[in-house]
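Novice: This is the structure, below, for whatever I ask next.
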Amino acid sequence: MKTKLITSLTGALVLTASGMAFAWDAHTDQAIEHAAQALAHGQDKHAPQATQHAEEALTHAKAAEKYHDEATKHVKEAIDHLNQAVEHGKMGHADIAAQHSEEALKHLKLAR
């Protein structure tokens, strides 16, 4: 009976851990995609679209941060840069927003 309980608990723990890793990967993938879009729109001088994608990337980066402690340093750096991208995008500074989106993208890729 104890062996059955331990096996069940171990299985549940493995499923929970793998679910958390999947959620982190999915959020990281989405953050990368949106940061790349923010970069492209910023380089094309499309501040509103760059801002929108930077905000989406920020949302996913924050969610990814909760799931994986090892990559926290890079995810936090990405969040800082995405906050700057959003701020500058709202001011119409597409080129500066693009620079911050590029840095965020680098850190998000390092966090994978």
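Novice: Looking at the stretch 23-112, which GluC sites (Glu not before Pro) are DSSP coil and have at most 11 other C-beta atoms within 10 Å of their C-beta?
Specialist: Here the sparse-neighbourhood loop sites are Glu70.
Novice: Using θ = phi - 60° and the Karplus relation 6.51 cos²θ - 1.76 cosθ + 1.60, list the HN-Hα couplings for the stretch 104-112 in order, rounded to whole Hz, with x at every Gly or Pro.
Specialist: For the stretch 104-112, the Karplus curve yields 4, 4, 4, 5, 5, 5, 5, 6, 5 Hz.
Novice: What is the extension gain from Asp29 to Leu110, computed as 0.36 nm multiplied by their sequence separation minus the C-alpha to C-alpha distance, in nm to one decimal?
Specialist: Going from the current span to full extension adds 28.0 nm.
Values quoted throughout were computed directly from the atomic coordinates according to the rules given, and no laboratory measurement underlies them. A quick note: this is a predicted structure, and the numbers were derived from the prediction, not measured. Cβ coordinates were reconstructed from backbone atoms using ideal geometry, including for glycine residues, and neighbour counts include every protein chain displayed.
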